[in-house]
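Taking it in order: structure first as structure tokens, then the write-up.
The values are calculated or read from the model by the stated rules, or taken from the named source; none is laboratory data. Just so you know, these numbers come straight off a predicted model, no measurement behind them. Virtual Cβ from ideal backbone geometry, glycine too; neighbours counted across all protein chains shown.
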Amino acid sequence: MTKDDCKKLVIDIISDIAPDEDLSAIKPEIRLRDQLQLDSMDFLDIVMELRKRHGIEVPETDYGQLASLESCAEYLTPKFPQKS
Amino acid sequence: MKHTHYDAIIIGAGMSGLAAGIRLAHFGKKVCILERHNAPGGLNSFYSFAGRKYDVGLHAMTNYVAPGVKGTPLGKLLRQLRIEREEFALCPQKQSRIAFRDCGLRFTNDFAVLDAEVAAKFPAQADGWRRLVGVVRTYDDVSLDAQPVSAREVVGRHITDPLLTDMIFCPVMYYGSAQEQDMEFGQFVIMFKALFLEGFARPLDGVRVIIRVLLEKYRSAGGERRMQCGVARIIEEQGRAARVVLDDGVELTAEHVISSIGVAETLALCRSGFTPDMSGLNPDLQNIGQLSFIETITVFNRQPAEWGWGDDTIVFFNDSDRFDYVRARGQVDVRSGVICLPNNFAYGDRTLSEGLFRVTCLANYDQWAHLPEEEYQADKQRWFTAATRSARRFLPPVDDAVLASAQLATDMFTPRTIKKFTGHFNGAIYGAPRKIRNGRTHLSNLYLCGTDQGFLGIVGAMLSGISMANYHVLQGKG
């Protein structure tokens, strides 16, 4: 799992949660909240979809790590099982 | 003994129960929805009678916003339930009116129309009106622990003309208030946004379209549903809902129980043999609504537009000096009410094949509940005529003979029908006057959703189910 793969998985999740958002031009370093209309219910869903699809747990204290696509990749990539 | 365990049991397959079920099933919970009747939808359902399909409850789906408008309840609901907007096939209203004896206000799904009407007809109130709208726009109406405030009091700080006050309250109360004469301000805000800042829409085929989408989502997410399966009792043990006993005696268990049937109705399940007259025993059990309704429906063999009834989608009418939103003193109070003409949504090049005319008025449950069958039928007939006559005063005049010759069928619900199909004490459509926003009950794993949690309208009901499922089960804050 590379950071780019991880970003793609996060985008897949967001596109299912918020199909009415245009995700084609997301800037990785900018907060998702500042470029997309995502509220706290949507962020909770990103967390829950990560658990459902990939078995990844994000404790509430770490929700801040999901602010931008870049920080998502930084935080989540090591949580995926690494291929040897 | 037959015995099954679930992560969550949901009581009631109405809008809120189905929405809660979809959330939980989507995230892998083992869920079962229990519904006493054979039709889903609860307060907003549909039925067939003499070969015709009817909607009951829903006049229009409120909270409608055009595609692309984000951050409103409709958008949140679609996202949370993973529903594509097109699936609901919503068609917006044409226009609606608040029609009082000497004054009318038109409104549409474009708020500027109502805003201009108020400014033109109540110039001295225009500033106050705009301040009120500002307060409504910024109010946090979905907070789960807001303190109750009187809407009359807040509105009165901005609007001083009693006629304008009554005209604003009339639609807002008719579409959601469980309280007589006043509302909690948070509830007022929810309804004001739903009706005026957002708007009305309907699928051509009515509420069944919405219910079918919900049922299909729930089914495909793996949820289980048992119809004609009422809950007789909830058995408490150590502060928890330990077992749910069905009407046929079967017992189920669950980690969480979410009830959409109302606060007093839910508590009554925990006390065997409870009836509303025993409510003196417990203040929570006195939280029972008093407001019920009748609704007439007339089916015509032509479109209402042929009589000049083609513009209005919904008309909220009142002919008394002050608008009185109270339990009817007689069987029905026809001084005010709501007209719905389901033909008058913008369906594009499609139309409803028959003309429909619905009238809703306040009614008194006690005066309908115990009538012998013959008298009940005669009273229905009598009030059908009185309600439709009263309502027609607010539409362009048409001869009785013309309407009679075009009439194909009629039907009517009374407070008794509401009690039968929803189980709400007193046939109280909008449930308890005091809402339980966080959904908590005296039992740690039993929560409320739907009408008595207090997000109003059908979009509100679905958001209520979603919020309670998220908060108490998925986030585990219960």
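So is B:Phe107 aromatic (Phe, Trp, Tyr) and more than 14 Å from every other protein chain (Cβ to nearest Cβ) or not? Break it down into steps so the answer makes sense when it comes.
Numbers: aromatic (Phe, Trp, Tyr): yes; more than 14 Å from every other protein chain (Cβ to nearest Cβ): yes.
Against the criterion (aromatic (Phe, Trp, Tyr) and more than 14 Å from every other protein chain (Cβ to nearest Cβ)), B:Phe107 qualifies.
Selection of segment B:95-146 for residues being outside any helix (DSSP H, G or I), surrounded by fewer than 18 Cβ atoms within 10 Å (Cβ to Cβ) and basic (Lys, Arg) yields B:Arg101, B:Arg106. Taken as a whole, the structure places B:Phe323 among residues that are modelled with pLDDT of 95 or more, under 28 Å from B:Gln179 (Cβ atoms) and more than 19 Å from the chain's Cα centre (by Cα).
Summed over segment B:21-46, the residues that are away from chain A (no Cβ under 14 Å) and in a helix (DSSP H, G or I) give a count of 1. Residues of segment B:52-72 that are in contact (Cβ under 8 Å) with a residue 24 or more places away in the chain and within 11 Å of another protein chain (Cβ to nearest Cβ): B:Thr72 alone. Scanning segment B:275-310 for residues that are among the acidic types (Asp, Glu) and modelled with pLDDT under 95 gives B:Asp277, B:Asp284.
Within segment A:14-29, the set of residues being surrounded by 14 or more Cβ atoms within 10 Å (Cβ to Cβ), under 14 Å from the mean Cα position of the chain (by Cα) and part of a loop (DSSP other than H, G, I, E, B) comprises A:Ala18, A:Leu23, A:Ile26, A:Pro28. The set of residues from segment A:30-44 being assigned to a loop (DSSP other than H, G, I, E, B) and within 12 Å of chain B (Cβ to nearest Cβ) comprises A:Leu36, A:Gln37, A:Leu38, A:Asp39.
Hey, among the residues in segment B:67-94 that are among the basic types (Lys, Arg) and part of a helix (DSSP H, G or I), which one's nearest to B:Ile22 (Cα to Cα)? Please lay out each step first, then the result.
So the first thing to find is which residues in segment B:67-94 are among the basic types (Lys, Arg), and the list is B:70, B:76, B:79, B:82, B:85, B:94.
Remaining after also requiring part of a helix (DSSP H, G or I): B:76, B:79, B:85.
Details: B:Lys76: 14, B:Arg79: 12, B:Arg85: 16 Å.
Per the stated criteria, the residue is B:Arg79.
Residues in segment B:147-182 that are part of a loop (DSSP other than H, G, I, E, B) and either closer than 21 Å to B:Ile294 by Cα or touching an Asp or Glu at 6+ places or on another chain (Cβ under 9 Å) (or both): B:Pro148, B:Val149, B:Tyr175, B:Gly176, B:Ser177, B:Ala178, B:Gln179, B:Glu180, B:Gln181, B:Asp182.
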